[in-house]
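Read the structure below first, then the notes.
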Amino acid sequence: MQATHGYGSILPDDAANRELVANVHPPDWANPAPAGRYHLVVVGAGTAGLVTAAIAGSLGARVALIERHLMGGDCLNVGCVPSKAVLAAAKRAHAARTAAALGVGPAAGAEPDFAGAMRRMREIRARISHEDSAARYARDFGVQVHLGEARFTGPDRLEVGGRELRFRRAVVATGARATAPPIPGLAEAGYRTNETIFELSERPARLAVIGGGPIGCELAQAFQRLGVRVHLLEVGAHVLEREDTDAAELVRRALARDGVDLVVGCTIERVEAGGGGRRVHLKRADGRAEALEVDEILVAVGRAPNVEGLGLEAAGVAFDPRKGVEVDDRLRTTNRRIYAAGDACMAWKFTHAADAAAKIVVQNALFGGRRKLSSLVMPWCTYTDPEIAHVGLYERDAAAQGLELDTYLTPLAKVNRAATDGEEEGFVKVHVKKGSDRIVGATIAGSHAGELVTAVTLAMVTGQGLGAFGNVIYPYPTLAEGLKATAGAYTRTRLTPLAKRLFALWFRLTG
C-alpha cells in the first residue's frame, strides 16, 4: 500500500507515512449515509474542527465532520508536530557540537544524521496521528466523518460526495495555506513551504529561506544545525519584526552564531533554475548585487485562508480572500446559523488559539452562549533557541492605547539554574499598569520560555498581580525563579522613603 489518499500523495512513501494516511485519510473509508438534520456540521478537520466535533459529539449532539485532505490539519501533518520533532533533533545535534563548553568533549567526527532526524519525525507524526484518526472520531465521539469536498448549497445545507447534509448549525474551520511572494521565476524554479519541506529525506547542501518570521527562523536554525548551509533572506530590517526588539535581537545573534547567513533589508529580484539547483538573485541593503546558489528554497512569508470553492456565497456567508470568513466577536458569520473558527477567520493563527475558539463556538452555536473571542488571554511562542514567548500587550501596544506602564526585567544570567545549564541568554520582562502590579503583558526569552509564560498567562486570567509571584515557593534551582526575581523587583519599588523611615523607627524602638 502506498502513502496515498483521495487528495494526493504523502512523500516519501514509507511505513510511517502509510500509517499516517491510514489514520487521517484512509483510502478505503466509506462515507456514512446522512443522518437527517445534524445539530452541527463541521467543515475542516484541523484543530478547530476536531475540537468542535469532539466536544459536540461527546455531549450527544448529532455531528458531521468533513475533511477533504488530511485530518489533523496543518498542526499534525505539516506544522507543529513535524517542526518540533525536527527542532528537537537539531537542538541535540547542536548540544553535541557545543558540549565542550560544559566540559564534555563532542564525539570525534560526529555529523548530524539528517535522514535519521526526518525519519524520526515521520514516525512520531504517524504515532500521534491515531489521536486525530477518522476511526477514533467515529468510535469515541460518535461523529460521522465524511471525507471529500464540501460545498454549501444553501443557508442550512451543503453537499459532500454527492450527498446533501442538512444542519441546524455549521462551523467553517477550513484553516489556511502557505503563500508565496510574486518573485519572478520562483514558481518556475520550484520552492517548498511548510507543507512540503518535511517531505525531504536527504539533506540538501544549501537552503535559502525566504522570510524571517517565526517559521522561517525556526526552520533556518534547525536545518543549519542539521548540517545544511542556510541563507535566511528577510526584506525587513530585522527578523521577528512583530516581537519584542530585545528578544528578536537575541534570536538574531543566535542564528548568526549557529552559522546562518542572515541577510536583512534585501530585495529578491528573481530566481532561476539550473544545474540541478536554484539561483537566487538579490540586492543587499547596501545595494550590492548577489546570486546565491542553493539546492532548495523554503518560502515562509505568509498564509491565506481557505475560503474559495466552499459555496459560502450560497450560504450567505461574507468572506474576504485575504482575511478569511467575516465573523463577529462571538465567531458568528453573516449567516446566523453558521460560525467559523481557526485560521479561516482569526488573526491568531496558532493551534492553541483554534482550540480555544472551538470551545467558544460549541457554547455559542449549540447553547446560545455569548462568549467572546476578545475575552481570551492569548500567549504564543516562537521555538527558536532561545525561545521567545509572549502574552498580552507589547510596549508599543500600550503606547497606542495611551496606557502608561512600569516594566520589570530580570536577565536569566541572574537565575542560578540558567547558569548551571549554560543557558544564560534571555530575560523575563513583565509590563504592569503604572503604579500597580496588574500585569498587562510579558515577554520571556530563553530556554523553556514557552513553559514559563503559562504561569504569567494564568496570573492574567485569574487577576493575580506581579507581586503574587513573590509569594510562591519555587523549587531550587529552577528557571521559574526568574519570575520570582521579577516580582521582587516590583516589591522593592513599594518600599518608599516613608516606609523606610517607619521601619527604621520601629527597629529603634524595639532594639
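The values are calculated or read from the model by the stated rules, or taken from the named source; none is laboratory data. Every value quoted in this text rests on a predicted model; they were computed, and no experiment measured them. Cβ sites come from the backbone with ideal geometry, for glycine too, and all protein chains shown count toward neighbours. Protein only, heavy atoms only, side chains kept; ligands, DNA and RNA dropped before computing areas. Shrake-Rupley method; radii C 1.70, N 1.55, O 1.52, S 1.80 Å.
Surface calculation, 1.4 Å probe, protein heavy atoms: I268 sits at approximately 20 Å² accessible. For the chain, the residue among A459, V430, A285 whose Cα projects farthest onto the positive side of the dipole built from Cβ charges is A459. Around the Cα centre of the stretch 166-300, unit charges on the Cβ atoms of Lys, Arg, Asp and Glu (plus for the first two, minus for the last two) sum to a dipole of about 500 debye. Given +1 at the Cβ of Lys and Arg, -1 at the Cβ of Asp and Glu and no other charges, the dipole of the stretch 124-207 around its Cα centre is 220 debye to the nearest 20.
Computed from the C-beta positions of A399 and S375 and an R0 of 22 Å, the FRET efficiency is 0.40 to the nearest 0.05. For the set S133, S58, the ranking by accessible area, highest first and with no ligand, DNA or RNA atoms included, is S58, S133 under a 1.4 Å probe. Cross-link partners of K372 among aspartates and glutamates, defined as those whose alpha carbon lies under 19 angstrom from its own and excluding same-chain residues fewer than eight positions apart: E326, D328, D329, D343, D355. Computed over the stretch 377-511, the range of Cα coordinates on each principal axis works out to 56, 41, 23 Å, biggest value leading.
Using just its DSSP H runs of length 4 or more, each adding -39500 (n - 2.57), the chain gives a mean residue ellipticity at 222 nm of -10000 deg cm²/dmol after division by all residues. Length gained on full extension, L409 to E293, computed as 0.36 nm times the residue gap minus the Cα-Cα distance: 37.5 nm. Taken about its Cα centre, the chain carries a charge dipole of roughly 1700 debye when the Cβ of each Lys and Arg holds +1 and the Cβ of each Asp and Glu holds -1.
Ordering L409, T245, A135 by the projection of their Cα atoms onto the charge dipole of the chain, which places +1 on the Cβ of Lys and Arg and -1 on the Cβ of Asp and Glu, puts L409 at the extreme positive end.
Between D328 and A254, the distance separating the two model label sites (each 7 Å from Cα on the Cα→Cβ line) works out to 4.3 nm. Note that the stretch 1-146 shows a convex hull volume over its alpha carbon atoms of 115 Å³ per residue. Sorting T510, T384 by solvent-accessible area of protein heavy atoms yields T510, T384, largest first, with a 1.4 Å probe.
By the beta carbon rule, with partners counted only under 4.7 Å, the chain holds these lone Cys residues: C217, C266, C345, C381.
Structure note, pairs K91/K414; K91/K429; K434/K500; K283/K429; K84/K429; K84/K434: Cα-Cα distances above 31 angstrom occur for K283/K429; K84/K434.
Treating r as the C-beta distance of A314 and R438 and R0 as 41 Å, the FRET efficiency rounds to 0.30. Taking mean projected area of the Cα convex hull in nm² straight from the coordinates, which label in [x] 26.0; [y] 29.9; [z] 28.2 is the correct one? Given [x] 26.0; [y] 29.9; [z] 28.2, the calculated one carries the label [y]. Write down the percent of antiparallel bridges among all DSSP beta bridges whose residues are both part of the chain, to the nearest 5. Percent antiparallel among DSSP bridges in the chain is about 65. If you take the Cα centroid of the stretch 1-50 and the Cα centroid of the stretch 419-460, the two points sit 40 Å apart. Excluding same-chain neighbours fewer than eight residues apart, the lysines reachable from K433 by a Cα-Cα span under 19 Å are K484. Once you divide the Cα radius of gyration of the stretch 445-505 by 2.2 N^0.38 Å, the number left is 1.36. Selection among T420, L186, A304 by position relative to the dipole of the chain gives T420 as farthest towards the positive end (Cβ unit charges, Cα centre). Using the Cα coordinates of the stretch 391-432, the gyration tensor eigenvalues translate into equivalent-ellipsoid semi-axes of 29, 9, 6 Å, sorted from longest to shortest.
Give, in nm to one decimal, the length gained when the segment between A15 and R168 is fully stretched (0.36 nm per residue of separation minus the Cα-Cα distance). Walk me through the numbers on the way to the answer.
Working: separation 153, 0.36 × 153 = 55.08 nm, distance 4.11 nm.
Contour length minus Cα-Cα distance gives 51.0 nm.
Projected onto their three principal axes, the Cα atoms of the stretch 1-57 cover extents of 39, 24, 15 Å, largest first. Taking all protein chains together, R330, R168, R206 sort by accessible area into R168, R206, R330, largest first [probe 1.4 Å]. Taking 0.36 nm per residue of sequence separation and removing the Cα-Cα distance, the F367/Y476 pair yields an extension gain of 34.6 nm. Within the assembled protein chains, the solvent-accessible surface assigned to H94 is about 40 Å², based on a 1.4 Å probe.
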